[in-house]
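The values are calculated or read from the model by the stated rules, or taken from the named source; none is laboratory data. What you are looking at is a predicted structure, and each value in this text was computed from that prediction instead of being measured. Heads up, the Cβs are rebuilt from the backbone with ideal geometry, glycines too, and the neighbour counts pull from every protein chain shown. These area figures cover heavy atoms from the full protein model, side chains too; ligands, DNA and RNA do not enter into them. Shrake-Rupley method; radii C 1.70, N 1.55, O 1.52, S 1.80 Å.
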Amino acid sequence: MRLVSLRQVRPGMKLGRTIFTEDGKVLLGTGMVLTERLISGLTRSKVDAVYIDDPRTADIQVEEVIRPQTRQIAVEAIEKTFKQITNSNKLARKISLKEMGLHFQRAFSSILDDLLLNKQMIGHLTNISSHSPSMYHHAVNVAVLSTAVGMSLGYNRQRLIDLGVGAMLHDVGKLSLPEEMLTKEEQWTAEEKEIAKEHTRHGFNLLRKQHDISLLSAHVCLQHHERLNGSGYPQGLQGKQIHEYAQIVGIADVFDSLTSPRPWRKRYMPQDALEYLLGSGGHLFEHHLVNAFIKHIAVFPIGSSVVLGTGEVGVVSRVDPDYSHRPTVRIIKDGRGNDVLHPYDLDLKANLQLFVVGFEDDDLFRMSDVSSTQTETNPPDDLP
């Protein structure tokens, strides 16, 4: 299979991977033949890319580090709780969430069990995105990424649960923001961004009152926007004042935010998001945490179409965790843009004169304005 932007999808193409709604339900299943009506429905659902079955790449499997049913359970848990909170806010009622912590621990345990069963995939989380921009899927993505880092640092199960539950709930405080901000299709104004900063305090105040949620998980919610140099919020903490869990979730939050689409921009390419994080080491986040995160991310995800310096186009078929910048590429177009009659694999580790110079799909990724010299006072255009 291969990843294709929705603008390049045509009727008759067959879906290679399940698409979920923003609340975790199956929208379209694997193997569905796409029609004009279905493609229009995906557009309305704000899906920007899908995996397509292609005979030339039929043997390229994009494995999911967590099962679709695990993602569905986690998203539904988040969605149910968030809606309860939203309804309580609208009715100006005191929020009563019995066994909230137990509910999320069960949902996160499914994620953790999948990750433990797929340790061989933890070496490189090449594809975790649902291609849905919803808050619910973002929370699951951040939990998966954060947990992978925690596992690499040797955390025991209880520490992973505290980290993971905190990651799943890191943005719960946003439910206290005005509804028009949450549904706005444009970037927030400077004034709205200042209002949004209070979501960390709101979330902390909610979670610390839940007897079955660890105070460490609550502090993830409070501190995930704090930065080593004191440029973060809400307290401007520095260095060791920021809990390690919050730093890990902050790194995962930045990466998933940059590599997810927004109504006003395309997604950033993974290597651009990683460049930003590399530049943040020792400045915004601890070096060892950035390094622990980066070693789990494939610069060129399996199934993505890339362009070589020769002009040839191929689909990434394999990624070696130790050489993620030099994947194996299935060549499907020659340097003049013509389809190759018999596609073949090129291992860039064995062909050092060849380099990936970019992604083929300009409809999917934005031109980068991320650099390693940017700081939290001059971040990419829409980092929270």
Carbon and sulfur: what percent of the chain's accessible surface (1.4 Å probe)?
51
Candidates ASN229, ASN338, ASN205: whichever shows maximal mean-square fluctuation once the chain is modelled as a Gaussian network with Cα springs under 10 Å:
ASN338
Dipole in debye (nearest 20) - the chain, about Cα centre, beta carbon charges: Lys, Arg +1; Asp, Glu -1:
920
Given the Cα-Cα distance of ARG157 and LYS295 and 0.36 nm per residue of separation, how much length would full extension add, in nm?
47.6 nm
With SER304 itself left out, Lys, Arg at +1 and Asp, Glu at -1 over residues whose Cβ is under 9 Å from its Cβ give -1
If ligands, DNA and RNA are left out, what is the accessible area of THR183 with a 1.4 Å probe, given in Å² to the nearest 10?
90
Heads up, I need the accessible area for TYR344: 1.4 angstrom probe, whole protein in place, Å², nearest 10.
90
So how strong a dipole does region 254-363 carry about its Cα centre when Lys and Arg Cβ are +1 and Asp and Glu Cβ are -1, to the nearest 20 debye?
120
Tilt, helix 157-168 to longest principal axis of the chain (alpha-carbon atoms), in degrees rounded to tens, equals 90
Distance between region 61-80 and region 198-248 - C-alpha centres, whole angstrom:
25
Under a 1.4 angstrom probe, counting protein chains only, how are ASP322, ASP162 ranked by accessible area, largest first?
ASP322, ASP162
DSSP-defined beta bridges in the chain - what % are antiparallel, rounded to 5
95
Accessible surface, per residue, of the chain when the full set of protein chains is kept, probe 1.4 Å, Å²
44
Using the alpha-carbon atoms, what tilt in degrees (0 to 90, nearest 10) does helix 68-90 show relative to the longest principal axis of the chain?
40
Rounding to the nearest 10 and keeping the result within 0 to 90°, find how far the Cα-based axis of helix 135-152 lies from the longest principal axis of the chain.
80
Among ALA273, ALA196, ALA139, determine the one that fluctuates most according to a GNM of the chain built with springs between C-alpha atoms less than 10 Å apart.
ALA196
Set the bar at 24 Å for Cα to Cα. Now go through LYS25/LYS193; LYS46/LYS80; LYS80/LYS184; LYS83/LYS295; LYS25/LYS209; LYS83/LYS174 and name every pair that lies beyond it.
LYS25/LYS193; LYS83/LYS295; LYS25/LYS209
Unit-weight point scatterers at every alpha-carbon of the chain, Debye formula, q = 0.11, 0.12, 0.13 1/Å: log10 I(q)/I(0) is -0.78, -0.93, -1.09
Could you work out [θ]222 nm for the chain from helices alone, using -39500 (n - 2.57) per DSSP H run of at least four and dividing by all its residues? Round to the nearest 500 deg cm²/dmol.
-11500 deg cm²/dmol
LEU352 to TRP188: extension gain in nm, 0.36 nm per residue of separation minus the Cα-Cα distance?
54.6 nm
